[in-house]
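Remarks on the structure that follows.
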């Protein structure tokens, strides 16, 4: 990919995290834009960090790639030093520190990136929103990030019920992503859904939307 294009490529984005009684649902669509131009139609916006941790991504692609690489390295280093797995709260704080430093460094291109981070540890499954400013917010129900989040929140606010199952959460995520795709120009092309349970991170759906006319 052209280096100049990659620096300006944004994953426009609708990403979703849903807390369920038996785990966490993470979901995102697949479109990446450069201004009004649809630059990529098959971008993975849910990224597996470890066997037990995954994130959804929104923002500049180059910054996303750098931050996720740094996060993997920092988690591994912390585990080697401590001799035990990091907790999800520790992973969220590590990621937030990297984001904080990234947004405050001098650069002609402002690195704006937001994440939803979910995972499982000895305390159970949990979901955090990591703001573009490096803030950390734990969620007890659901979160959405990106340009299509306004539409997604409308569906989530209306249909989410405390104690829903993963199966119900997957269906709700699909409805919320679909609502965003219908109205947000920066969201589209397909949907990916991951589940985080006591068994770890697993992809349960990867679907591409074919809108070509034959």
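The values are calculated or read from the model by the stated rules, or taken from the named source; none is laboratory data. Source: prediction; values computed, not measured. Note that each Cβ is placed from the backbone with ideal geometry, even for glycine, and that neighbours are counted across all protein chains shown.
Among the residues of the range 173-214, what is the count of those that are in contact with a helix residue (DSSP H, G or I) (Cβ under 8 Å, 6 or more places away or on another chain), within 14 Å of residue 149 (Cβ to Cβ) and at pLDDT below 80?
2
Kindly state which strands (runs of 3 or more DSSP E) lie completely within the range 20-120 and contain at least 2 residues that are in contact with a helix residue (DSSP H, G or I) (Cβ under 8 Å, 6 or more places away or on another chain) and closer than 17 Å to residue 196 by Cβ.
Numbers: elements: 23-29, 32-34, 37-40, 46-48, 53-59.
It comes to 23-29, 53-59.
The rows are residues; the columns are (1) surrounded by fewer than 17 Cβ atoms within 10 Å (Cβ to Cβ); (2) closer than 28 Å to residue 148 by Cβ; (3) touching a strand residue (DSSP E or B) at 6+ places or on another chain (Cβ under 7 Å).
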| site | (1), (2), (3) |
| --- | --- |
| 56 | no, yes, yes |
| 61 | no, yes, yes |
| 68 | no, yes, yes |
| 72 | yes, yes, no |
| 80 | yes, no, no |
| 95 | no, yes, yes |
| 114 | no, yes, yes |
| 118 | no, yes, yes |
| 125 | no, yes, yes |
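Looking only at the range 179-199, which residues are under 30 Å from residue 123 (Cα atoms) and under 16 Å from the mean Cα position of the chain (by Cα)?
Residues of the range 179-199 that are under 30 Å from residue 123 (Cα atoms), as a first pass: 191-199.
Scanning the range 179-199 gives 191, 192, 193, 194, 195, 196.
Tell me, which residue of the range 142-178 that is part of a loop (DSSP other than H, G, I, E, B) and surrounded by fewer than 23 Cβ atoms within 10 Å (Cβ to Cβ) is nearest to the chain's Cα centre (by Cα)?
Start the filter on the range 142-178 by keeping residues that are part of a loop (DSSP other than H, G, I, E, B), which leaves 146-148, 160-165.
Those left that are additionally surrounded by fewer than 23 Cβ atoms within 10 Å (Cβ to Cβ): 147, 160-165.
Working: 147: 13, 160: 19, 161: 21, 162: 21, 163: 22, 164: 20, 165: 20 Å.
Here the answer is 147.
Would you point out which residue out of 68, 57 is touching a residue at least 12 places away in the same chain (Cβ under 8 Å), under 16 Å from the mean Cα position of the chain (by Cα) and within 19 Å of residue 173 (Cα to Cα)?
On the way: 68 fails: within 19 Å of residue 173 (Cα to Cα).
Criteria check complete, one pass: 57.
Anything in the range 143-164 that is within 9 Å of residue 180 (Cβ to Cβ) and in contact with a strand residue (DSSP E or B) (Cβ under 6 Å, 6 or more places away or on another chain)? List them, or say none. Don't jump to the end; show me each part of the working.
Our first condition is that a residue be within 9 Å of residue 180 (Cβ to Cβ); within the range 143-164, this holds for 144, 146-152, 155.
Answer for the range 143-164, where residues must be within 9 Å of residue 180 (Cβ to Cβ) and in contact with a strand residue (DSSP E or B) (Cβ under 6 Å, 6 or more places away or on another chain): 144, 146, 152.
Would you say residue 169 is over 19 Å from residue 32 (Cα atoms), in contact with a strand residue (DSSP E or B) (Cβ under 8 Å, 6 or more places away or on another chain) and modelled with pLDDT of 90 or more? Full working, then the answer.
On the way: over 19 Å from residue 32 (Cα atoms): yes; in contact with a strand residue (DSSP E or B) (Cβ under 8 Å, 6 or more places away or on another chain): yes; modelled with pLDDT of 90 or more: yes.
Spelling it out, residue 169 is indeed over 19 Å from residue 32 (Cα atoms), in contact with a strand residue (DSSP E or B) (Cβ under 8 Å, 6 or more places away or on another chain) and modelled with pLDDT of 90 or more.
For residues that are within 14 Å of the chain's Cα centre (by Cα) and in a loop (DSSP other than H, G, I, E, B), scanning just the range 127-141, find the one that is surrounded by the fewest Cβ atoms within 10 Å (Cβ to Cβ).
131
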